[in-house]
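Note sheet for the following structure.
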């Protein structure tokens, strides 16, 4: 959960800042408030697609763009799932006394990120990919499935936070991509992306 919060509050906003060169947190806050909160309770990226589509419309995004990117993101943008698979697999290896080198940890992260793209957008979908990652360290499938069982036990919090991150970041990055093109075209961003001082200077309400 801590790693997911780090991704949500540090690395995700950093990517947004690199593209927009603006304070990313107004966009992050709005996405987590309107998309992440619902995803936290549904625990399903697929079930949250209508919420994300509605939020994209509120953000002024092009319907032709978000009607493709949001369903696609609900399927392959599984950063929370990648974190879950990596952490749970490393925990299993550590419990069994298996030493994990830095190259092996990097390989595990890459495999988990690619494998997460195939995770189903339903509650606990990412946990079923843990045996695949555990096989990198020669961990028996029976032990790997015990790890999956532990995952289902802690899933009340872990899976809720994971889905919140997955779903909110779908809108975050869809908006970032479109707002970046707006900046290149010289178009003005939505009012919430500006500080009060900038809104007064530009004569923007809101």
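Bear in mind that the values in this text are calculations on the coordinates, not laboratory data. Keep in mind the model is a prediction, meaning the values are calculated, not measured.
The table below gives the values:
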| quantity | calculated |
| --- | --- |
| Stokes-Einstein D in µm²/s, Kirkwood radius over Cα pairs - region 159-206 at 10 °C with 1.306 mPa s viscosity | 127 |
| Region 1-49 versus region 180-206: alpha-carbon centroid distance in Å | 21 |
| Enclosed volume per residue, in Å³, of the convex hull spanned by Cα atoms of the chain | 117 |
| Region 1-66: radius of gyration and largest Cα-Cα distance (Dmax), Å | 12.7, 35 |
| Computed helical MRE - 222 nm, the chain, DSSP H runs ≥ 4 contributing -39500 (n - 2.57), nearest 500 | -21500 deg cm²/dmol |
| Rg and Dmax [Cα atoms of region 121-186; Å; Rg one decimal, Dmax integer] | 17.7, 57 |
| Ratio of the Cα radius of gyration of region 33-132 to 2.2 N^0.38 Å, where N counts its residues | 1.27 |
| Pairwise centroid distance, computed over Cα atoms, of region 85-139 with region 59-78, Å | 27 |
| In degrees, nearest ten, helix 63-76 long axis to first principal axis of the chain (Cα) | 20 |
| Region 75-164: radius of gyration over Cα atoms, expressed as a fraction of 2.2 N^0.38 Å | 0.99 |
| Rounded tilt (10° steps) of 79-95 against the dominant C-alpha axis of the chain | 30 |
| Rounded tilt (10° steps) of 141-185 against the dominant C-alpha axis of the chain | 20 |
